[in-house]
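Take a look at the structure set out below.
The values are calculated or read from the model by the stated rules, or taken from the named source; none is laboratory data. Just so it is clear, the model here is predicted, and its values are computed rather than measured. Because the Cβ atoms are built from the backbone with ideal geometry, glycine has one as well, and the counts that use them run over all protein chains shown. These accessible areas exclude ligands, DNA and RNA; they are computed on the full protein's heavy atoms, side chains included. Shrake-Rupley method; radii C 1.70, N 1.55, O 1.52, S 1.80 Å.
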Amino acid sequence: MSQGDAIPEFGKGKAGEGGEVSLTNLSAFSGGPGIKSGAEILAIVAVAAVIIGGGEFLLRWFQVPEYILPPPSKIAWALFDEFPFIAPHLGYTLVELLSGFAIGSVVGLLMAAVITQFPFAEKIVAPYILLLVTTPMLALVPLLILRFGFGYTPRIIAVALAAGPMVMINAATGFRRVDSAKIALARSYGASTLQIFWKIRAPMALPMILVGLMIGAIFGLLTAVGAEMVGGGFGLGNRLTSYSSMIQMPQFFAVVLLLSVLGILIYVIFFLIGKKWASWEA
Amino acid sequence: MKATEREIPKLAVQEASKVYHTASGDLPALDRCSFDVAANEVVSIVGPSGCGKTTLLWSMSGLHGLSAGSVALDGKPITGPHPDIGIVFQEANLLPWRNLDANINFPFEIKGTRPDRSWVDHLLGRVGLDGFGKKYPRELSGGMQQRAAIVRALALKPSVLLMDEPFGALDSFTRDEMNRLVEEIWLDRPTTIVFITHSIEEAIFLSDRVLVLSPRPGRVAKEYRVPFPRPRSFEIMATKEVFDLTNAIKLEIVGGRVAKARAAAPAAAEGALP
């Protein structure tokens, strides 16, 4: 085994403790001793009230036309009033996002695990991976629609294509974080390659895998909405084009608001998973 | 010592040589290094940094192959990791995503066996870590982490314990405490220990014999017997005998370095050291 013959060096900063994973770096989540003090909560609420209330006031004071930017209260009302109609579209988008993301991340994880086991193979496929990561998969949607029609299929494929490479590249970074001392430890007890993978490499890679999943999910959301805007009669992206074409701006912004909430939800979910399962690194 | 024991030492390192093939050329790390370790003997290996100490220990553990020569345990050559050999690594090398219990359980998980709970509890008590089982490594001090690593290594009841500069990263008080602990553990259940260290004091305190390796490529330049009875107190460390022994070892290490410098650049070395 080649890694057994590397010169053992431990002094040069261990790969496992680079401190590069930044899932928990937003101070809004990780700062302070967990529970916020009353003054902090008050300040947070006050700032939010000033921003939203101030926006409302300024938009009305300067009589900004609704088709440019509707005031927050109208957006909120539109979201409430239109929600029964928007809800199914939210459902379609979620179906595309979840199934595309599931396919993409499973394939991405598998590929990351395989290519990092074979450094030679990794060198060969590296340019194609770069191509997959950097190409906006949205560009393929018209072609996919041509081939698969206006249903779910082209959108799910696009989401998977967008999410998969992001998951793969981050997971591969994680799997490459080899700590030779920890692998030596496992080997000294006679661990098999598979055991080393599951008990050392995978847990060491987990924080980076979570980062990859989060970025993949957000790219997936982006691509799902983009694909819906290209064609097909359903989904939140379709609502955006439809409302803007009818200059129904409060409804339009209500959908934008929903998309923001979805994005934040993705972040929070992975943040909480990271906190539960990968907090040893923070 | 009986004649049969003399014939088959616990560990026998014979003409061990190791060459690393690096991008910038071959790097000989060990050169025909030979020594024996008797059963339940504590042997320290000291030497200038980069003299191949860690390479030697990894070869003895079966984690590394040798380029030439052999290492034998109870007369049988070691070709890979051996269940009878426990290793304590540089720094504690605990798995940060596992709590202490799970870290100590790790070797058993790999082997698919169950730990001897009473023995593990005994060890944890012995090193003062009872009640810390649910703590994660990051919640423990460096000394506590290294104690946990010792428990992990001993939990399998190995007959040989290889320790690779285990206390190098600890402050000197903690290091003294750990040295005393190693001695206690040894008195509790005698084990063959090979201990690699930078600290001559630590080597003398712990060992029956101290081997000095020459600068790279390493081979045994000299060996010193440490005749003091156990348990050893830190008062012994302040005696003239220990002082003389420490100086002799220090001179041997420095002497080897000077000789190597002279061999490498005779003219310059003669100018500097007439």
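For A:E56, indicate whether it is more than 27 Å from the chain's Cα centre (by Cα), of a type outside the set (A, V, I, L, M), under 28 Å from A:V230 (Cα atoms) and in a helix (DSSP H, G or I). Considered against the rule, which asks whether it is more than 27 Å from the chain's Cα centre (by Cα), of a type outside the set (A, V, I, L, M), under 28 Å from A:V230 (Cα atoms) and in a helix (DSSP H, G or I), A:E56 comes out as no.
Does B:L95 qualify as being within 14 Å of chain A (Cβ to nearest Cβ) and either in a helix (DSSP H, G or I) or aromatic (F, W, Y) (or both)? Answer is no for this residue. Apart from one condition, A:A278 fits all of (1) within 25 Å of A:F150 (Cβ to Cβ); (2) in contact with a Pro (Cβ under 7 Å, 6 or more places away or on another chain); (3) among the small types (G, A, S); the exception is (1). Considering the range B:74-85, and only residues there that are more than 8 Å from chain A (Cβ to nearest Cβ) and within 26 Å of B:M178 (Cβ to Cβ), the residue that is most open to solvent (accessible area, probe 1.4 Å) turns out to be B:H82. Among the residues of the range B:11-42, those identified as of a type in the set (A, V, I, L, M) and part of a strand (DSSP E or B) are B:L11, B:A12, B:V13, B:A16, B:V19, B:L27, B:A29, B:L30, B:V37, B:V42.
What residue, among those in the range B:222-245 that are more than 20 Å from the chain's Cα centre (by Cα) and among the charged types (D, E, K, R), is least open to solvent (accessible area, probe 1.4 Å)? Only one residue fits best here, namely B:D244. Of the residues making up the range B:212-256, those that are under 24 Å from B:L57 (Cβ atoms) and of a type in the set (K, R) are B:R216, B:R219, B:K222, B:R225, B:R230, B:R232, B:K250. Consider A:L194 carefully, then state whether it is within 14 Å of another protein chain (Cβ to nearest Cβ), at pLDDT below 95 and touching a strand residue (DSSP E or B) at 6+ places or on another chain (Cβ under 8 Å). No, not satisfied.
Here is a check on your reading of the model: is B:S17 over 30 Å from A:Q195 (Cα atoms), among the hydroxyl-bearing types (S, T, Y), at pLDDT below 90 and surrounded by 18 or more Cβ atoms within 10 Å (Cβ to Cβ)? Steps first, please.
Working: over 30 Å from A:Q195 (Cα atoms): yes; among the hydroxyl-bearing types (S, T, Y): yes; at pLDDT below 90: yes; surrounded by 18 or more Cβ atoms within 10 Å (Cβ to Cβ): yes.
Yes: the conditions hold for B:S17.
For the range A:127-142, the tally of residues that are closer than 21 Å to A:L221 by Cβ and either open to solvent by 20 Å² or more (accessible area, probe 1.4 Å) or at pLDDT 95 or above (or both) stands at 9. Only residues that are among the polar types (S, T, N, Q) and either within 14 Å of chain B (Cβ to nearest Cβ) or crowded, with 20+ Cβ neighbours inside 10 Å (or both) were counted across the range A:213-242, and they come to 2. Highlighted here are the helices (runs of 4 or more DSSP H) found entirely within the range B:113-199 that include at least 3 residues which are within 14 Å of chain A (Cβ to nearest Cβ) and closer than 12 Å to B:I87 by Cα: B:142-154. For the range B:46-65, a tally of residues being part of a loop (DSSP other than H, G, I, E, B) and either within 11 Å of chain A (Cβ to nearest Cβ) or within 11 Å of B:L11 (Cβ to Cβ) (or both) returns 7.
Take the range B:66-76 and flag every residue that is assigned to a loop (DSSP other than H, G, I, E, B) and not polar (S, T, N, Q).
B:L66, B:D74, B:G75
What about A:A78, is it more than 16 Å from A:L259 (Cβ to Cβ) and either open to solvent by less than 80 Å² (accessible area, probe 1.4 Å) or aliphatic (A, V, I, L, M) (or both)? It is false that A:A78 is more than 16 Å from A:L259 (Cβ to Cβ) and either open to solvent by less than 80 Å² (accessible area, probe 1.4 Å) or aliphatic (A, V, I, L, M) (or both).
With more than 19 Å from A:I156 (Cα to Cα) and open to solvent by less than 50 Å² (accessible area, probe 1.4 Å) as the only criterion, which of A:I115, A:I124 stands out?
Details: A:I124 fails: open to solvent by less than 50 Å² (accessible area, probe 1.4 Å).
Among A:I115, A:I124, only A:I115 is more than 19 Å from A:I156 (Cα to Cα) and open to solvent by less than 50 Å² (accessible area, probe 1.4 Å).
Yes or no: A:I129 in contact with a helix residue (DSSP H, G or I) (Cβ under 8 Å, 6 or more places away or on another chain), within 14 Å of chain B (Cβ to nearest Cβ) and of a type outside the set (K, R)? Considered against the rule, which asks whether it is in contact with a helix residue (DSSP H, G or I) (Cβ under 8 Å, 6 or more places away or on another chain), within 14 Å of chain B (Cβ to nearest Cβ) and of a type outside the set (K, R), A:I129 comes out as no.
Just one of (1) open to solvent by 40 Å² or more (accessible area, probe 1.4 Å); (2) within 11 Å of chain A (Cβ to nearest Cβ) fails for B:N103. It is (1).
Kindly indicate whether any position in the range A:205-212 is more than 14 Å from every other protein chain (Cβ to nearest Cβ) and open to solvent by 10 Å² or more (accessible area, probe 1.4 Å).
Start the filter on the range A:205-212 by keeping residues that are more than 14 Å from every other protein chain (Cβ to nearest Cβ), which leaves A:211-212.
Restricting the remaining residues to those that are open to solvent by 10 Å² or more (accessible area, probe 1.4 Å) gives A:211.
Yes, because at least one residue in the range A:205-212 is more than 14 Å from every other protein chain (Cβ to nearest Cβ) and open to solvent by 10 Å² or more (accessible area, probe 1.4 Å).
Checked against the criteria, B:V88 does not count as more than 12 Å from every other protein chain (Cβ to nearest Cβ), among the β-branched types (V, I, T), in contact with a strand residue (DSSP E or B) (Cβ under 9 Å, 6 or more places away or on another chain) and open to solvent by less than 50 Å² (accessible area, probe 1.4 Å). Here B:E109 clears all of (1) within 10 Å of chain A (Cβ to nearest Cβ); (2) under 22 Å from B:N40 (Cα atoms); (3) without any contact (Cβ under 8 Å) to a residue 12 or more places away in the chain except the condition numbered (2).
Determine which single condition A:A184 fails, assuming it passes every other condition in (1) closer than 24 Å to A:G274 by Cβ; (2) of a type in the set (A, V, I, L, M); (3) modelled with pLDDT under 95. The one condition A:A184 does not meet is (1).
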